[in-house]
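Visitor: This is the structure, below, for whatever I ask next.
The values are calculated or read from the model by the stated rules, or taken from the named source; none is laboratory data. Just so it is clear, the structure is predicted and the values come from calculations on it, not from any experiment. A quick note on method: Cβ atoms are made from the backbone with ideal geometry, for glycine too, and the neighbour counts reach across all protein chains shown. Areas reflect the complete protein model, heavy atoms only, side chains present, ligands, DNA and RNA absent. Shrake-Rupley method; radii C 1.70, N 1.55, O 1.52, S 1.80 Å.
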Amino acid sequence: MIWDLFIIVVKVVGVFAFLMLSVLFIIWLERRVVAFMQTRIGPNRVGPFGILQSLADGIKLFFKEDVRPTSADRILYPLAPVLMMVPAFLSVSVLPFGDHFGSERAQLTDLNVGILFVLAMSSLQVYGIVLAGWSSGSNYPLLGGVRSSAQMISYEIAQGLSIVGVLMYAGTLSAAGIVAAQHGDPIVGFIPRWYVVPQLPMFLVFLLAGIAETNRAPFDLPEAESELVGGYHTEYSGVKFALFFLAEYLNVITVSAVATTLFLGGPDGPVVHGFLPWLWPILWFVAKIYLFIFLFVWLRATLPRLRFDRLMAIGWKYLIPVALVWVLVTGVVLTVNVGAISRRTLYVGIGVVAALLLLSTLLPTSKPESESEPEPTAPGGSPS
Amino acid sequence: MPGELLKGLSVTFRSMFRKPNTVQYPEVKRQVAARFHGRHQLNRYDDGLERCIGCELCAYACPADAIYVQGADNTPDARYSVGERYAAIYQINYNRCIFCGLCIEACPTRALTMTNEYELSADTRQDLVYDKPDLLAPVPAGVKPPPHTDAVDGPPTIGRYGPQASLSQESSEPVWALQRAQESRQGDRELPTEEVTPK
């Protein structure tokens, strides 16, 4: 009994430490990667290669004056950052980090409704944001909070729907079960049985929805400095702002971790037999998470911000129909009782059609030829 | 549309491997132009005397009112500059200076020039008011620094007032009056063709 408790405490501390260190690392990584993509170097003064920069930023934020606007709500104003941080930590607690650590699973807890729990936690974060915006008692935070929460709840539908396909394949909501369902011999010798292969459109939908859920660029209008000063965290300073900052990067890790669990097989990957068998799955899991994080940072460095109405349009008018259609296709594939065509042919057929559809979007769009050259006009508009 | 997205992503990805344009100041400093407007300097002649004659043209020209000059007379026992006057107090207030260089253009003797030094940060406003000792150029090697004594070091021979310096020592008339008297005595004389160029 005491041993079980001890194991639980060790796992909790381990997950917490991993997340906090990852957040610090990711802040530094983002600044360096974005800098290199802009042909400059990022922070390189505080510690070797500037790696202690996030620590220095955190210490500075801790020493900053803790300002509270007089019109701020007494209870909700300090509570909102907590409401944003805690669900992010909890989401990761149900994901498998590896296979086995001795006789223990490398997972904090394996809820049999794990994925539903993850979705519920991301819904709770909306509370954090909208309460932060409203309880600040000021205009820009309210606008930012309302916009951000509208964005988040609209993309939650797309996120939930994109998971349905995976759940139909795996047949279980438990994260460990989904990871286990992705094991198996590779198709055609090298393509692993990860759900990214049969569920590629859902993977893309989940990624887009994930970026929008975490308020990352290009969906970061609610918190962009040039738009809303700071959005929902304008009136926060010091430790509370540090918590928001941490919560945002934690969300990035959470979305990446959920994406690897659902679509990339979690800790699945080639293992060096015999030598530290518990280490390799954890390394694969962490490597896949960081692959997604690099993708998020890459998108942030490349893409301009989406205007808010276009952002909502993407969530409602494009992602949800795509997800719904693919759920239908998955349902057909899983339940169709074909006699003449083998199931493999059916899969291949659908895959080819989907791939062709995706590739057709890559074709260069041909603009209609303009009928005549525009008339040369004198300044003032009249054709001369 | 995804095609354009992928093209854009590849641009940033490839730019990750380009050489960054960052200059690692202060370990590496970029070269400034030859005529860069930096800290001012009060120059001297080769015999150690200051070029500044306390005419206050630089203070008059300054648009930011950053220069304060107070002149004083050279005496035969204490001579700081060639000519009759020198700048007893000369201050440039770098809190106000805008580094435009109009003072340099105004100076008739090329006493005031600008160096290329731009690292002028200080902790207090008082530290940014540079006095004459902060601005004077160093004395050339082996030369006696001012004040010179005319009896010991001889009359100043370099500079625009050099050849006529002996004129003012014998009378208390201003040099221009003595020059006119001398020219009228000597008749029209060829003006010296060698221009005294400040070094």
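Visitor: Can you send over the solvent-accessible area of A:Phe25, 1.4 Å probe, protein chains only, in Å² to the nearest 10?
Guide: 70 Å²
Visitor: What's the center-to-center distance, using Cα atoms, between the range B:111-145 and the range A:1-69 in Å?
Guide: Going from one Cα centre to the other spans 47 Å.
Visitor: Need one value for B:138-148: mean number of C-beta atoms belonging to other chains within 10 Å of its residues' C-beta atoms. Walk me through the intermediate numbers first.
Guide: On the way: counts 0, 0, 0, 0, 0, 0, 0, 0, 0, 0, 0.
Taking the mean over all residues of the peptide, I get 0.
Visitor: How large is ³J(HN,Hα) for each residue in the range B:9-15, as worked out from phi by the Karplus curve 6.51 cos²θ - 1.76 cosθ + 1.60 (θ = phi - 60°), to whole Hz, x for Gly and Pro?
Guide: 5, 5, 4, 5, 5, 5, 6
Visitor: Continuing with this model, one more query. On the protein heavy atoms, probe 1.4 angstrom, tell me the percent of accessible surface of the range A:125-257 carried by carbon and sulfur. It would help to have the intermediate numbers written out before the result.
Guide: Details: 2920 of 4410 Å².
Carbon and sulfur: 66 percent of the exposed surface of the range A:125-257.
Visitor: Mind grabbing the interface size between B and A? I mean buried accessible area, both sides, 1.4 Å probe, in Å² to the nearest hundred. Don't skip to the answer; put the middle values down first.
Guide: Details: alone 13890 and 20360 Å², together 32750 Å².
Its buried surface, counting both partners, is about 1500 Å².
Visitor: Here's something else I'd like to know. What average count of beta carbons from other chains do you get within 10 Å of the Cβ of residues in A:298-311?
Guide: Numbers: counts 4, 4, 1, 5, 8, 4, 1, 0, 0, 0, 0, 0, 0, 0.
Mean partner-chain Cβ count within 10 Å for A:298-311: 2.
Visitor: Which is farthest toward the positive dipole end of the protein assembly as shown among A:Thr214, B:Ala151, A:Leu108, measuring Cα position about the Cα centre, with Cβ charges +1 (Lys, Arg) and -1 (Asp, Glu)?
Guide: Of A:Thr214, B:Ala151, A:Leu108, it is A:Leu108.
Visitor: According to the Kirkwood expression over distinct Cα-Cα pairs, how big is the hydrodynamic radius of the range A:193-320, in Å? If you can, show how the numbers build up before the last one.
Guide: Details: mean 1/r = 0.0612 Å⁻¹.
Every distinct Cα pair counted, the radius reaches 16.3 Å.
Visitor: Then there is this: Ordered by packing density, taken as the mean number of other Cβ atoms within 10 Å over each peptide's residues, highest first, how do A:243-256, B:141-154, A:143-156 rank? Could you put the intermediate results ahead of the total?
Guide: Numbers: A:243-256: 23.9, B:141-154: 13.3, A:143-156: 22.1.
Ranking the peptides A:243-256, B:141-154, A:143-156 by packing returns A:243-256, A:143-156, B:141-154.
Visitor: Right, here's the next one. Past the 29 Å Cα-Cα mark, which pairs from A:Lys288/B:Lys7; A:Lys11/A:Lys240; A:Lys11/A:Lys288; A:Lys240/A:Lys317?
Guide: Working: A:Lys288/B:Lys7 23 Å; A:Lys11/A:Lys240 27 Å; A:Lys11/A:Lys288 21 Å; A:Lys240/A:Lys317 36 Å.
A:Lys240/A:Lys317, as the Cα separations exceed 29 Å there.
Visitor: Ok, one more. For the protein assembly as shown, build the convex hull from the C-alpha positions and give me its volume per residue in Å³. List each step's numbers first, then the result.
Guide: Working: hull volume 187.3 nm³, N = 583.
For the protein assembly as shown, the hull spanned by Cα atoms encloses 321 Å³ per residue.
Visitor: Sticking with this structure for a sec: Of the options A:Val336, B:Pro2, B:Ile89, report the single residue whose Cα projects farthest towards the positive end of the charge dipole of the protein assembly as shown (beta-carbon charges: Lys, Arg +1; Asp, Glu -1).
Guide: A:Val336
Visitor: Placing unit charges on C-beta atoms (Lys and Arg positive, Asp and Glu negative, everything else neutral), compute the dipole magnitude of the range A:183-316 about its Cα centre in debye, rounded to 20. Don't skip to the end; give the middle numbers.
Guide: Details: 8 positive and 10 negative charges, 46 e Å.
Rounded to the nearest 20 debye, it is 220 debye.
Visitor: Place a +1 charge on the Cβ of each Lys and Arg in the protein assembly as shown and a -1 charge on the Cβ of each Asp and Glu, then give the dipole magnitude about the Cα centre in debye, rounded to the nearest 20. Mind dumping the intermediate values first?
Guide: On the way: 45 positive and 50 negative charges, 398 e Å.
So the dipole magnitude of the protein assembly as shown works out to roughly 1920 debye.
Visitor: If you don't mind, another one. Please give the average number of partner chain Cβ atoms lying within 10 Å of the Cβ of each residue in B:20-29, rounded to a whole number.
Guide: Numbers: counts 7, 4, 6, 0, 3, 0, 0, 0, 0, 0.
For this peptide, the per-residue mean of nearby foreign Cβ atoms is 2.
Visitor: Let me ask something additional. Would you list A:Leu55, B:Leu9, A:Leu167 from the most to the least accessible area, probe 1.4 Å? Intermediate results must be reported in sequence, preceding the final value.
Guide: Details: A:Leu55 85, B:Leu9 15, A:Leu167 45 Å².
Of A:Leu55, B:Leu9, A:Leu167, the descending order of accessible area is A:Leu55, A:Leu167, B:Leu9.
Visitor: With a probe of 1.4 Å, find how much accessible area chain A has per residue, and write the answer as a whole number in Å². Each step should come with its number before you reach the end.
Guide: Working: 19590 Å² over 384 residues.
I get 51 Å² per residue for chain A.
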